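Undergrad: One structure is given below, represented as structure tokens, and several questions about it will come after.
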Amino acid sequence: MLNSLAEQLNEGVKSGNPHVYDMLSTLGKEIYFPKEGILSQSAEASGHAKKYNATIGIATEGGIPMHLDVIQSKLSAFQPKDLYPYAPPAGKPELRTAWLAKMREENPSLREKSLSSPIVTNALTHGLSIVADLFVNEGDAVIYPDKNWENYELTFGIRRHAEIVNYPLFTEEMTFNSQGLREALLAQKDKGKAIVILNFPNNPTGYTPGLKEGNEIVAAVKEAAEAGINVVVVTDDAYFGLFFEDSLKESLFGKLADLHPRVLAVKVDGATKEEFVWGFRVGFITYASDSKEVIHALEQKTLGIIRATISSGAHPSQTFVLEALKSPEFHAQKEEKFQIMKGRANKVKTLLDSGKYTDVWEYYPFNSGYFMCLKLKDVNAEELRTHILHQYGVGTIALGDHDLRVAFSCIEEEYLEELFDLVYQGIQDLKNK
């Protein structure tokens, strides 16, 4: 028996867009955010309990949240009220507003689109997990390229028992394989549903498509929708903004936002990498829909998932990110770090194009993000990874038999040549054994 609040939300989705209702998982249809409970009663009390508010499970002292000086003395630039109480399940309202404004500013294609207010997540993985819970049933197809972040397998395959459908990321001409995506989508016609993950800049390759490829991706999603397939398309924008060359400079979320009634666009992003605050664990999930009923229901169901898992995100991290976004120095400081990252990427490309390594590897296209991937010609990637780690103290990531991921994001520009020379030497060692 469905809870009456879940039924109300489901009816709202059906009236706003019945295709979105069909996209929901069983859990997605069952979940709701309690209107009558501790949180709602506490919220009501905060507006009316002028004498004594004995509702919420925090301790106070002298009219402010109780705290230890060993902590507050290190965080004295911030008021206790912005650190110690629980943040709302959806996140600090001012942070959500600021992030939405930032998204619209950085993605002009979003400026006229109907969006939910971003809901704060415990960074990117949590946002993807919410997508999995709300939309993925056992056996549903989750489509993403063969070069991908391994956590997708855990999030969608193991946790939700999805059928993982991979397609080659690159064509033989080393452009994005939009035809492969199209074929993977259209193959789901019998199921009538697919979840697509788009991750640009791509982890592990550091590749972002160009405008033509981006349009082909959007066209493939639209063709699937026109063929009667309900498509939940998720832009995993973890490395958004780190675009170093000619590529898309916006998230595809903007072009997908009102593409077709059978397409639900979901943007998962975060301050994590965009603002260089990995350990803060502040991310966001945003929905696009022309229907206010759909947006309201998805927000409430998302809050239900959050309430049932982490209850709410960390308050201090949200405060720190909000203060950064409000700072007049924010854009200049971020640009300075961007230029450092761009310098490293350009240095890697110069080294790889110098000709000194072409006998042992090729490299996959990269133009953005943190990483690039070598395509090894003669040696096994795992053997090489292990050898250079123990022989030369160089850490890399082996992917499959022939791909080696190098994170130039964490190597100073002056040391990059030595890094690749040592990888090259490791290959010579293995070949001459």
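The values are calculated or read from the model by the stated rules, or taken from the named source; none is laboratory data. What you are looking at is a predicted structure, and each value in this text was computed from that prediction instead of being measured. Cβ coordinates were reconstructed from backbone atoms using ideal geometry, including for glycine residues, and neighbour counts include every protein chain displayed.
Undergrad: I'm trying to understand the selection: among the residues of region 357-373, which are more than 14 Å from LEU422 (Cα to Cα) and not polar (S, T, N, Q)? Lay out the reasoning, then the answer.
TA: If we filter region 357-373 for residues that are more than 14 Å from LEU422 (Cα to Cα), which is where we start, we get 358-359, 362-373.
Across region 357-373, the qualifying residues are ASP359, GLU362, TYR363, TYR364, PRO365, PHE366, GLY369, TYR370, PHE371, MET372, CYS373.
Undergrad: Quick one: in region 359-394, of everything that is without any contact (Cβ under 8 Å) to a residue 60 or more places away in the chain and β-branched (Val, Ile, Thr), which residue is farthest from TYR239 (Cα to Cα)? Can you show your working first?
TA: Kept after step one, since they are without any contact (Cβ under 8 Å) to a residue 60 or more places away in the chain, are these residues of region 359-394: 359, 362-363, 374-394.
If we keep only those that are β-branched (Val, Ile, Thr) as well, we get 379, 386, 388, 394.
Working: VAL379: 30, THR386: 28, ILE388: 28, VAL394: 24 Å.
Restricting to residues being without any contact (Cβ under 8 Å) to a residue 60 or more places away in the chain and β-branched (Val, Ile, Thr), the top hit is VAL379.
Undergrad: Moving on to the next point. Going by what's in this entry, would ALA132 be described as crowded, with 22+ Cβ neighbours inside 10 Å and either touching an Asp or Glu at 6+ places or on another chain (Cβ under 9 Å) or among the polar types (S, T, N, Q) (or both)? Give the derivation first.
TA: Values: crowded, with 22+ Cβ neighbours inside 10 Å: yes; either touching an Asp or Glu at 6+ places or on another chain (Cβ under 9 Å) or among the polar types (S, T, N, Q) (or both): no.
No: the conditions fail for ALA132.
Undergrad: Out of the residues in region 73-95 meeting the condition of being part of a helix (DSSP H, G or I) and free of Cβ contacts under 8 Å to residues at least 60 places away in the same chain, tell me which one is nearest to the chain's Cα centre (by Cα). Don't jump to the end; show me each part of the working.
TA: Going residue by residue through region 73-95, those that are part of a helix (DSSP H, G or I) are 73-75, 80-82, 93-95.
Imposing the further condition that a residue be free of Cβ contacts under 8 Å to residues at least 60 places away in the same chain reduces the set to 73-74, 80-81, 93.
Values: SER73: 34, LYS74: 31, PRO80: 30, LYS81: 29, PRO93: 20 Å.
Here the answer is PRO93.
Undergrad: While we're looking at this one, here's another question. Give the residues of region 31-58 that are surrounded by 15 or more Cβ atoms within 10 Å (Cβ to Cβ), out of contact with any Ser or Thr (no Cβ under 7 Å at 6 or more places or on another chain) and assigned to a helix (DSSP H, G or I), sorted by residue number.
TA: Matches in region 31-58: LEU39 only.
Undergrad: Another question about this same structure. Do any residues in region 409-431 that are over 14 Å from VAL394 (Cα atoms) have Cβ atoms under 7 Å from those of residues that are not in a helix (DSSP H, G or I), where the two are at least six apart or on different chains, and which pairs are they?
TA: SER409/TYR370; LEU430/VAL379; LYS431/ASP378; LYS431/VAL379
Undergrad: Then there is this: Scan region 346-363 residue by residue and report those that are under 26 Å from GLN428 (Cβ atoms) and in a helix (DSSP H, G or I). Can you show your working first?
TA: First pass over region 346-363, keeping only residues under 26 Å from GLN428 (Cβ atoms): 347-363.
Result: LYS347, VAL348, LYS349, THR350, LEU351, LEU352.
Undergrad: It is to be established whether one or more residues within region 341-348 are within 20 Å of the chain's Cα centre (by Cα) and surrounded by 15 or more Cβ atoms within 10 Å (Cβ to Cβ). Outline the logic, then answer.
TA: Looking only at region 341-348, we keep the residues that are within 20 Å of the chain's Cα centre (by Cα), and these are 341.
Those still in the list that are surrounded by 15 or more Cβ atoms within 10 Å (Cβ to Cβ) too: 341.
Taking every residue of region 341-348 in turn, at least one turns out to be within 20 Å of the chain's Cα centre (by Cα) and surrounded by 15 or more Cβ atoms within 10 Å (Cβ to Cβ).
Undergrad: How many residues are of a type outside the set (Phe, Trp, Tyr) and over 16 Å from ALA132 (Cβ atoms) if we restrict to region 282-313? Lay out the reasoning, then the answer.
TA: Within region 282-313, the first condition is being of a type outside the set (Phe, Trp, Tyr), and the residues that meet it are 282-283, 285-286, 288-313.
When the remaining residues are screened for being over 16 Å from ALA132 (Cβ atoms), the result is 282, 286, 288-297, 299-300, 303, 307, 311-313.
The total comes to 19.
Undergrad: Do we find that THR121 is modelled with pLDDT of 95 or more and within 30 Å of ASP22 (Cβ to Cβ) in this structure? Steps first, answer last, please.
TA: Values: modelled with pLDDT of 95 or more: yes; within 30 Å of ASP22 (Cβ to Cβ): yes.
It is true that THR121 is modelled with pLDDT of 95 or more and within 30 Å of ASP22 (Cβ to Cβ).
Undergrad: Would you confirm whether any residue within region 3-11 is surrounded by 14 or more Cβ atoms within 10 Å (Cβ to Cβ) and outside any helix (DSSP H, G or I)?
TA: For region 3-11, residues surrounded by 14 or more Cβ atoms within 10 Å (Cβ to Cβ) and outside any helix (DSSP H, G or I): absent.
Undergrad: Among ILE305, ILE295, which is the only one that is in contact with a Ser or Thr (Cβ under 9 Å, 6 or more places away or on another chain), surrounded by fewer than 23 Cβ atoms within 10 Å (Cβ to Cβ), of a type in the set (A, V, I, L, M) and more than 30 Å from GLU335 (Cβ to Cβ)?
TA: Numbers: ILE305 fails: surrounded by fewer than 23 Cβ atoms within 10 Å (Cβ to Cβ).
Matching residue, one of ILE305, ILE295: ILE295.
Undergrad: Please state which of the following conditions ARG104 fails to meet, knowing it meets all the rest: (1) in contact (Cβ under 8 Å) with a residue 12 or more places away in the chain; (2) within 15 Å of VAL268 (Cα to Cα).
TA: (1)
Undergrad: Moving to a separate point now. How many residues are outside any helix (DSSP H, G or I), surrounded by fewer than 17 Cβ atoms within 10 Å (Cβ to Cβ) and of a type outside the set (A, V, I, L, M, F, W, C) if we restrict to region 372-427?
TA: Result for region 372-427: 9.
Undergrad: Working only within region 283-292, note down all residues that are among the small types (Gly, Ala, Ser) and either in contact with a strand residue (DSSP E or B) (Cβ under 6 Å, 6 or more places away or on another chain) or crowded, with 24+ Cβ neighbours inside 10 Å (or both). Write out each step before concluding.
TA: Here is the first cut: in region 283-292, the ones among the small types (Gly, Ala, Ser) are 283, 288-289, 291.
Those that are among the small types (Gly, Ala, Ser) and either in contact with a strand residue (DSSP E or B) (Cβ under 6 Å, 6 or more places away or on another chain) or crowded, with 24+ Cβ neighbours inside 10 Å (or both): GLY283, ALA288, SER289.
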